[in-house]
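Student: My questions all concern the structure below.
No lab work stands behind these numbers, since they all come straight from the coordinates. Every value quoted in this text rests on a predicted model; they were computed, and no experiment measured them. Because the Cβ atoms are built from the backbone with ideal geometry, glycine has one as well, and the counts that use them run over all protein chains shown.
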Amino acid sequence: MKKTTLSTAFVALFVIAGYGHADSTVIGKVETNANVNRATQNQSGLLNKQDASFGSVNDSYVVGDVKTDVNIRRANQRQSGLLNRQELNAGSVRDSRVIGKVETKVRVDNASQRQSGLLNSQKANIGTVEDSNVIGAVKTNVHARNINQSQSGLLNRQKMSAGSVD
């Protein structure tokens, strides 16, 4: 009885402490299944931001399982200008707190990010667990055929993570 009460109190404290800061709070199970045939984002100018999240859990508190299953045929992001940011998240758990099991399964045929300009940033997270606290197991399964990042200009930054815990 004490063990159950202590576990329940810990879970309640965990959820209440993070409730005000998370985009989502889930007690139970999160399961996503995303099939994307074609997605395209284009921008030009100054201080732009592109985010594409497919079957991802971002900035959330979850007590229970998180399971993602993502199939992307083609996703493209293009930007030009100054101080722009691109981010592609597919089947990723990012900036989240999870008590339980995280499992991702991602298949990507073609994904590309292109930027030109000054001080731009690109990030691709494919089936990753990034900047998250997980109590339990993490399992990733990534099959990527073609993923491309290209940049031209000055002081740009690229990061690609696939099936990793960062």
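Student: I need to check one value: relative contact order of the range 103-166, counting alpha carbon pairs closer than 8 Å and at least 6 residues apart, in percent.
Tutor: Computed value for the range 103-166: 52 percent relative contact order.
Student: Can you give the calculated 222 nm mean residue ellipticity of the chain, where each DSSP H run of n ≥ 4 adds -39,500 (n - 2.57) and the sum is split over every residue, rounded to the nearest 500 deg cm²/dmol?
Tutor: Computed ellipticity for the chain at 222 nm equals -3500 deg cm²/dmol.
Student: Under 8 Å for C-alpha pairs, at least 6 residues apart: give me the relative contact order for the range 2-162, rounded to a whole percent.
Tutor: 21
Student: Just want the answer: with Cβ charges of +1 for Lys and Arg and -1 for Asp and Glu, which residue in Phe54, Val106, Leu118 is farthest toward the dipole's positive end in the range 2-162?
Tutor: The residue sitting farthest along the positive end of the dipole is Val106.
Student: Which of the peptides 36-45, 131-140 is most tightly packed, and how do the rest follow, going by the mean number of other Cβ atoms within 10 Å of each residue?
Tutor: 131-140, 36-45
Student: Can you check what the net charge comes to around Val129, using other residues whose Cβ is under 9 Å from the Cβ of Val129 (Lys, Arg +1; Asp, Glu -1)?
Tutor: -2
Student: So, one more: Dipole magnitude of the chain about its Cα centre, charges +1 at Lys/Arg Cβ and -1 at Asp/Glu Cβ only, in debye to the nearest 20?
Tutor: The calculated dipole for the chain is roughly 320 debye.
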